[in-house]
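Enquirer: Dumping the structure here so I can ask a few things about it.
All of the numbers you see were taken from the coordinates with simple rules; none came from a lab. The structure displayed is predicted, hence computed values, not measured ones. Don't worry about glycine lacking a Cβ; one is built from the backbone with ideal geometry, like all the others, and counts go over all protein chains shown.
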Amino acid sequence: MPEFILHHYWPSPFAHKVRIALNMIGAPWTSVEIPRVPPKPLLMPMTAGYRRTPVMQIGADIHCDTQNIARALGEAGYEDKLFPGRSRGRVMALSNWIDAAIAELAIRIVITSSIGTAPPEFIRDRGDLYFGAGWTEAALKADLPAVILQLSAQLDQVETALSGTDFLMGDDPSWGDVGLAFLAWFLRGRWDGGADLLAQFPAIERVEAALAANAIDHESEITAEEALAVARNATPTSPTGIHHPASELTAAQSVMIRQKGQSSDPDITGELRYLDMTRVSIDHESDETGPVAVHFPVAGYRITAA
Ligand SMILES: N[C@@H](CCC(=O)N[C@@H](CS)C(=O)NCC(=O)O)C(=O)O
């Protein structure tokens, strides 16, 4: 099995999603701690400018976004453990829905409730990242009760989906349950109303208890400089070529990858290495890493000629 190097910080909920998955499937991993806010000078040379957390490195292949990281873990030999019973399509659809419908609300609630306690520069950074230009603290606070109602409605649907079954796909946990467990962990740990709300959803709490608790176990720790050296001493092993009949993009053309929706995320540019229905990869090079391949999911990103 390849060495998985996770670039993350411990309080990051999306990083916890991947930590839960790695522990659930029994894959050893190496931890690299990165800053919670930019600048991230030892990460960005590797990611072509992608700044979010987590990033998973396998040699000189750099996987961005948890939906793409799930695919990479499946390809690395953990398909059956992440998607039991050939459930990948159903699980990915469900987990995309959980990210869109529940994660967005949970993030909104946690950020809103940390106004006044978290450092103002952290709130500013996350506000610009998640809520687009023009957001205000006052509007976030005014919306909070309505957002909590939205969240409860979505959690209630998931609770119903879990009735009579241990996990979303049946007896065995999947990437879909991982997507639920990290959000419960996040709401409980970072919002003072989290525990009371979750108490209304015992099946979700069961999934959280089964998966989220031991998710910090890891094999080793290295510095960001050492991770850059790992990339420098490796070459990308991921495939190349355009495998998308409806795309006019061509191999090696310069492309821009932009987060969909309003956000302060920087644009990412590179030479198109690979495209299929669900993944886009670019070739990128920096002094610190030499040539690397950087991978993103197609869903949720706008990919255009640069
Ligand atoms: N769609 C992304 C979302 C990742 C995300 O928003 N992560 C948060 C941390 S939990 C983040 O990047 N915050 C800003 C930062 O770390 O600089 C994924 O699934 O990986």
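Enquirer: When DSSP beta bridges are limited to those with both residues in the chain, what percentage is antiparallel, rounded to the nearest 5?
Expert: 70
Enquirer: With a cut-off of 8 Å between alpha carbons and a minimum separation of six or more residues, what is the relative contact order of the chain in percent? Don't skip to the end; give the middle numbers.
Expert: On the way: 525 pairs, mean separation 78.2, N = 306.
Reported relative contact order: 26 percent.
Enquirer: Let me ask something additional. Once the dipole of the chain is set up with Lys and Arg at +1 and Asp and Glu at -1 on Cβ about the Cα centre, which of V178, I102, A293 lies farthest towards its positive end?
Expert: I102
Enquirer: While we're on this one: So how far apart, in nm, are the two label points at A93 and V147 if each is 7 Å from Cα heading toward Cβ?
Expert: With each label point 7 Å from Cα toward Cβ, the separation is 3.0 nm.
Enquirer: Here's a follow-up. Please report the orientation-averaged projected area of the chain, defined via the convex hull of its C-alpha atoms, in nm².
Expert: Result: a mean projected hull area of 15.4 nm².
Enquirer: Sorted from largest down, what three extents in whole angstroms do the Cα atoms of the stretch 172-296 have along their principal axes?
Expert: 52, 39, 34
Enquirer: Roughly speaking, what is the centre-to-centre gap between the stretch 97-169 and the stretch 172-238 when only Cα atoms are used, to the nearest Å?
Expert: After rounding, the separation between the Cα centres reads 17 Å.
Enquirer: Placing +1 at every Lys and Arg Cβ and -1 at every Asp and Glu Cβ, with all other atoms neutral, what dipole size does the chain have around its Cα centre, in debye to the nearest 20? Present the calculation step by step, with values, prior to reporting the outcome.
Expert: Working: 24 positive and 38 negative charges, 110 e Å.
Using only the charged Cβ atoms, the result is roughly 520 debye.
Enquirer: Apply the Kirkwood formula to the stretch 87-211: the hydrodynamic radius equals the inverse of the mean of 1/r over all pairs of different alpha-carbon atoms; give it in Å with one decimal.
Expert: 15.2
Enquirer: If you don't mind, there's one more thing I want to ask. Quick check: Cα centre of the stretch 239-286 to Cα centre of the stretch 23-90, how many Å?
Expert: Spelled out, the Cα-based centre of one part sits 17 Å from the other.
Enquirer: Out of P245, V230, L73, whose Cα points farthest toward the positive end of the dipole of the chain (charges: +1 Lys, Arg; -1 Asp, Glu; placed on Cβ)?
Expert: About the Cα centre, the residue reaching furthest to the positive side is P245.
Enquirer: Quick check on the stretch 1-107: of the DSSP beta bridges with both residues there, what percent are antiparallel, nearest 5%? Mind dumping the intermediate values first?
Expert: Values: 7 of 12 bridges.
Of all bridge pairs located within the stretch 1-107, approximately 60 percent are antiparallel.
Enquirer: A further question on this structure: If you wrap a convex hull around the C-alpha atoms of the stretch 43-136 and split its volume per residue, what is the figure in Å³?
Expert: About 132 Å³ per residue, rounded to a whole number.
Enquirer: Taking Cα atoms, how many degrees apart are the long axis of helix 120-131 and the longest axis of the chain, rounded to 10 and kept between 0 and 90?
Expert: With both axes taken from Cα atoms, the answer is about 80 degrees.
Enquirer: I'd like the projected area of the stretch 164-223, averaged over all directions, using the convex hull of its alpha carbons. Report it in nm² with one decimal.
Expert: One quarter of the hull surface, i.e. the mean projection, equals 5.3 nm².
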